[in-house]
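J.: Below: one structure in structure tokens.
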Amino acid sequence: MEELVTVLSVKAYCFTNDKGEELKGCTVHYYPAATFDKHEEIASDGLSGLLGLQPLKCTMPYEFFETSKKVGIPCMANVSYVMRNVQGQMVLKPDKIEYQK
């Protein structure tokens, strides 16, 4: 599955975990491009108190941060999703983000 999105922000991280392993990558906040409409309360249960637009978040390899510096953010991009097992449930997760040229 592929989707057009607006990449809102990309933030690099680099730290050492409890096992002494260096973890390096970036956090990406994005929003589906086709849904920038005015919304009332988004939550289906009406209990979360969320109003407006809440971006989606994923992690990408550090190299994506370097690419993003060259492109400029915010920017339109195509996200490719894959099914992944997360805590025993199959969910769609971003696999690749490619900026539009």
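The values are calculated or read from the model by the stated rules, or taken from the named source; none is laboratory data. It should be emphasised that the depicted structure is a prediction, and the values quoted were computed from it without experimental measurement. Virtual Cβ from ideal backbone geometry, glycine too; neighbours counted across all protein chains shown. The accessibility values were calculated without ligands, DNA or RNA, using every heavy atom of the protein model including side chains. Shrake-Rupley method; radii C 1.70, N 1.55, O 1.52, S 1.80 Å.
J.: Quick one: in the stretch 1-32, of everything that is in a loop (DSSP other than H, G, I, E, B) and in contact with a Leu (Cβ under 9 Å, 6 or more places away or on another chain), which residue is nearest to Q100 (Cα to Cα)?
T.: The initial filter retains those residues of the stretch 1-32 that are in a loop (DSSP other than H, G, I, E, B), namely 1, 17-21.
This time we only want the ones that are in contact with a Leu (Cβ under 9 Å, 6 or more places away or on another chain), so: 1, 17.
Numbers: M1: 17, N17: 34 Å.
Ranking the qualifying residues of the stretch 1-32, first place goes to M1.
J.: Among the residues of the stretch 33-51 satisfying the criterion of being under 25 Å from R84 (Cα atoms) and part of a loop (DSSP other than H, G, I, E, B), which is modelled with the lowest pLDDT? Explain how you work it out, then say what you get.
T.: Pass one, the stretch 33-51, residues under 25 Å from R84 (Cα atoms): 33-35, 43-44.
Next, only the ones that are part of a loop (DSSP other than H, G, I, E, B) stay: 43-44.
Details: A43: 48, S44: 52.
So, considering only residues that are under 25 Å from R84 (Cα atoms) and part of a loop (DSSP other than H, G, I, E, B), the one modelled with the lowest pLDDT is A43.
J.: Further question on the same structure: Looking at the stretch 12-29, which of its residues are open to solvent by less than 50 Å² (accessible area, probe 1.4 Å) and modelled with pLDDT of 95 or more?
T.: Initial filter on the stretch 12-29 (open to solvent by less than 50 Å² (accessible area, probe 1.4 Å)): 12, 17, 25-28.
Within the stretch 12-29, A12, G25, C26, T27, V28 qualify.
J.: Considering the stretch 55-101 alone, what residues qualify as being open to solvent by 90 Å² or more (accessible area, probe 1.4 Å), within 27 Å of E22 (Cα to Cα) and aliphatic (A, V, I, L, M)?
T.: Across the stretch 55-101, the qualifying residue is only M83.
J.: Please list, ordered by first then second residue, the pairs with beta carbon atoms under 9 Å, 6 or more apart or interchain, first in the stretch 52-75 and modelled with pLDDT under 95, second among the β-branched types (V, I, T) and assigned to a helix (DSSP H, G or I).
T.: Here the result reads L53/T35, each pair linking the stretch 52-75 to a residue that is among the β-branched types (V, I, T) and assigned to a helix (DSSP H, G or I).
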